[in-house]
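Have a look at the structure below before the remarks.
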Amino acid sequence: MTGVMDNQGEYKGYIGEVSIDMDAGLIHGHVINIENDVLTFRGETTAEAKQDFHVMINEYLSDCAASGDPAETPKTLAVS
């Protein structure tokens, strides 16, 4: 097997971590560097999962701004 497998991605400071559901043929993900809000995304391909991750973050930030509630600031994670 060749190539690199990375199960995390970053967008606007938020880090999404993904897992693959082989039976359903889906990539599921959630944001791992916030504590109080639950942000999830999914796709049938990596491109779809990445796009849904970006859309979800943009909608979260927009919804927070519209409601006057501050968006949770993403935490900086230690690199090991």
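Points worth noting:
- Residue count for segment 8-18, restricted to those that are in contact with a Gly (Cβ under 9 Å, 6 or more places away or on another chain) and open to solvent by 70 Å² or more (accessible area, probe 1.4 Å): 2
- When restricted to residues that are among the aromatic types (Phe, Trp, Tyr) and out of contact with any Gly (no Cβ under 6 Å at 6 or more places or on another chain), segment 38-80 contains 1.
- Looking at LEU39, LEU61, just one residue is open to solvent by less than 80 Å² (accessible area, probe 1.4 Å) and in contact (Cβ under 8 Å) with a residue 40 or more places away in the chain, and that residue is LEU61.
- Restricting the first member to segment 42-57 and to residues that are within 11 Å of LEU26 (Cβ to Cβ) and without any contact (Cβ under 8 Å) to a residue 60 or more places away in the chain, and the second to residues that are among the hydrophobic types (A, V, I, L, M, F, W, C) and part of a helix (DSSP H, G or I), the beta-carbon pairs closer than 7 Å and six or more apart or on different chains are ARG42/ALA49; GLY43/ALA49.
- One residue stands out in segment 20-36 among those that are surrounded by 11 or more Cβ atoms within 10 Å (Cβ to Cβ) and over 8 Å from the mean Cα position of the chain (by Cα): the one that is nearest to GLU72 (Cα to Cα), namely ILE34.
- Considering residues of segment 38-80 that are assigned to a loop (DSSP other than H, G, I, E, B) and of a type in the set (D, E, K, R) only, the residue farthest from GLU17 (Cα to Cα): ASP69
- Meets criteria (closer than 22 Å to THR76 by Cβ, part of a loop (DSSP other than H, G, I, E, B) and free of Cβ contacts under 8 Å to residues at least 60 places away in the same chain) for ASP6: yes
The values are calculated or read from the model by the stated rules, or taken from the named source; none is laboratory data. Not measured: the values here are computed from a predicted model. Reconstructed Cβ throughout: ideal geometry from the backbone, glycine too, with neighbour counts over all protein chains shown. Heads up: the accessible areas ignore ligands, DNA and RNA and are worked out on the full protein's heavy atoms, side chains in. Shrake-Rupley method; radii C 1.70, N 1.55, O 1.52, S 1.80 Å.
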